[in-house]
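Novice: Would you mind keeping the following structure in view while I ask a few things?
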Amino acid sequence: MPSPEQWTRPDPGAGPAATAAQPSPEQVIAGLRATTEGGAELTQLLTPEGERLADSRFDPYLADIDAEALRGLYRDMVLVRRADRESNAMQRQGQLGIWVPLLGQEAAQVGSGRALRPADMAFPSYREHGVAYTRGIDFRDLLGIFRCTDHSGWDPAEYGFHPYTIVIGNQVLNAAGYAMGQKFDGKVGNADDVDNEATIVYFGDGATSQGDVHEGFVWGAVYDAPVVYFCQNNQWAISEPTERQSRLPLYQRARGYGFPGIRVDGNDVLACLAVTRWALDECRHGNGPVLIEAFTYRMDAHTTTDDPTRYRLSDELEAWKLKDPIERVRVHLARAGCAEQDFFDGVDAEADEFAAQLRDFCFNMPDPPPERIFSEVYADTPAALDAQREEYLSYLAGFAGGEH
């Protein structure tokens, strides 16, 4: 009889694994637990207590991360969290139509985002505010999306950051196609590594049950596309836990498509940075796709229309608070003598000022003119859309005052 260990990790040569049709109860339980606990294969470089762990495989990817760089990562996460909390509050005050919180996922987003090069392309879902920040996107440009005044406020080609994608998992197909184009354009496997590029695409654990994600995996695999599939497993697909999405840990799914998968502590900014740098290098050098499962937790609601108290217990939330991604960096900096209290106070003050600027901008954001809804949609506007615009503006002009 195969063991639960073989059921959860049926590595080649590890012995016979149970068939999917005949697992024992113990094997099923072991498999479900492996989807919701980090496990022995969790890559971690900074513990929740702020202890730096050595790792011969990934430490070389952090050779440039000195005390100053680590302070920069801490600052990134604090500012992103403060902006997220302020945006959440503004939605509650009626200034935004909806907000998608990232609370608890700052390390996964900042770490992976800082691993990207300028020529790389990132494809987000709708929660990657931290990645947008690392790509140089003005946080104020994000507010227009959630205030329903804009589609997006940046040029994707300029920033290497695609507009937000609302349809669950659709961005994975888009990213696979873009990465295929990078390969066809000769941007992969060059001796001069400066000319090489890669793509990263973000999605949640719930999206892994979508057909678009499966198809994106297939296309990326068969074309050896330089794409990193970055799954932020925050444990809850809205109200459905991960164990209802997969019997095996999500990173193990990569094996079925023929490319490597790895699970990283998504609350560890150093591990996310190092593992993503490694994965992007694999892609740039022509070694095909990589799946990263960032094992993290959504500390807030799925969106501001969601009530997480209806489907999860408070003790689960309290347990994950002890793994806070920002606090572990703060503790490490303090213990290692890399930062004094003045530094932390200064970052907090900067974060408050950042939030105040966002609030001032949002409260005074002008309503866009009605013709804005028709612009910035197509590179070449179809004649039918031109006609619809003129008809709509003519309709508005017929009201009192004759203005729109």
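Values quoted throughout were computed directly from the atomic coordinates according to the rules given, and no laboratory measurement underlies them. It should be emphasised that the depicted structure is a prediction, and the values quoted were computed from it without experimental measurement. Here the Cβ positions follow ideal geometry from the backbone for every residue, glycine too, while neighbour counts run over all protein chains shown.
Novice: Would you mind checking which residues have amide H under 5 Å from ARG263's amide H? H placed 1.01 Å from N; only 5 or more apart, or other chain.
Specialist: Sorted by chain and number, the residues that satisfy this are THR43, GLU293.
Novice: Note down the nm distance, to one decimal, between modelled labels 7 Å out along Cα→Cβ at ASP59 and at ALA319.
Specialist: 3.2 nm
Novice: Same structure again: Going 7 Å from the Cα of GLU158 along its beta-carbon direction, which residues of segment 374-390 have the amide nitrogen within less than 15 Å of the resulting point?
Specialist: Output list for this probe position: 376.
Novice: Suppose the chain between TYR392 and ALA191 were pulled fully straight at 0.36 nm per residue; how much longer would it get relative to their current alpha carbon spacing?
Specialist: Roughly 66.9 nm would be gained on extension.
Novice: If you don't mind, there's one more thing I want to ask. Mind listing the phi-derived Karplus ³J(HN,Hα) values for segment 352-358, rounded to whole Hz, using 6.51, -1.76 and 1.60 with θ = phi - 60°, and x for any glycine or proline?
Specialist: 5, 5, 4, 5, 5, 5, 5
Novice: List the residues, sorted by chain then number, that are 5 or more residues from LEU46 or on another chain and whose placed amide H is less than 5 Å from its amide H.
Specialist: Amide H neighbours of LEU46: LEU53, ALA271.
Novice: Can you give the Rg/Rh ratio of the chain, where Rg is from the C-alpha atoms and Rh is the Kirkwood radius? If you can, show how the numbers build up before the last one.
Specialist: Numbers: Rg = 22.5 Å, Rh = 22.6 Å.
In the chain, Rg relative to Rh is 1.00.
Novice: Provide the per-residue ³J(HN,Hα) series for segment 209-221, in order, calculated from phi with Karplus coefficients 6.51, -1.76, 1.60 and θ = phi - 60°, each as a whole number of Hz, with x at glycine and proline positions.
Specialist: 8, 8, x, 4, 5, 4, 5, x, 4, 5, 4, x, 5
Novice: Taking only Cα atoms and a 10 Å spring cutoff, compute GNM fluctuations for the chain and point out the largest among ALA191, ALA67, ALA83.
Specialist: Maximum among the listed residues: ALA191.
Novice: Oh, and also: Convert each backbone phi in segment 66-72 into a coupling constant with the Karplus relation 6.51 cos²θ - 1.76 cosθ + 1.60 (shift: θ = phi - 60°), then list the ³J(HN,Hα) values in order as whole Hz, x for Gly and Pro.
Specialist: Each residue of segment 66-72 in turn: 8, 4, 5, 5, 5, 4, x Hz.
Novice: Relative contact order of the chain: what whole-number percent is it, with Cα pairs under 8 angstrom and at least 6 residues apart?
Specialist: On the way: 697 pairs, mean separation 88.9, N = 404.
Relative contact order comes out at 22 percent.
Novice: For the modelled label position 7 Å from the Cα of THR303 along Cα-to-Cβ, which residues of segment 98-134 have backbone nitrogen atoms closer than 14 Å?
Specialist: 98-102, 125-128
Novice: If you take every DSSP beta bridge whose two residues both sit in segment 38-363, what share of them, in percent to the nearest 5, is antiparallel? Present the calculation step by step, with values, prior to reporting the outcome.
Specialist: On the way: 3 of 26 bridges.
Just about 10 percent of them are antiparallel.
Novice: Ranked by Cβ crowding within 10 angstrom, fewest neighbours first, how are PHE161, PHE139 ordered?
Specialist: Result, fewest neighbours first: PHE139, PHE161.
Novice: Treat the count of other C-beta atoms within 10 Å as a stand-in for reagent exposure and order THR43, THR149, THR199 from fewest to most.
Specialist: THR149, THR43, THR199
Novice: For segment 136-217, take the convex hull of the Cα atoms, compute a quarter of its surface area, and give me that in nm², please.
Specialist: So the Cα hull casts an average projection of 6.6 nm².
Novice: Classify segment 349-404 as rounded, prolate or oblate from the Cα gyration tensor: take a ≥ b ≥ c as the square roots of its eigenvalues, call it rounded if a/c is under 1.5, otherwise prolate when a/b beats b/c and oblate if not.
Specialist: On the way: a/c = 8.38, a/b = 1.95, b/c = 4.30.
Here segment 349-404 falls in the oblate category.
Novice: Give the Cα extents of segment 247-303 along the principal axes, in whole Å, largest first.
Specialist: Projected onto the principal axes, the Cα atoms of segment 247-303 cover 38, 28, 19 Å.
Novice: In terms of the Cα gyration tensor, with a ≥ b ≥ c the square roots of its eigenvalues, is segment 266-404 rounded because a/c is under 1.5, prolate because a/b exceeds b/c, or oblate?
Specialist: Numbers: a/c = 2.27, a/b = 1.76, b/c = 1.29.
Judged from the Cα gyration tensor, segment 266-404 comes out prolate (a/c at least 1.5, a/b above b/c).
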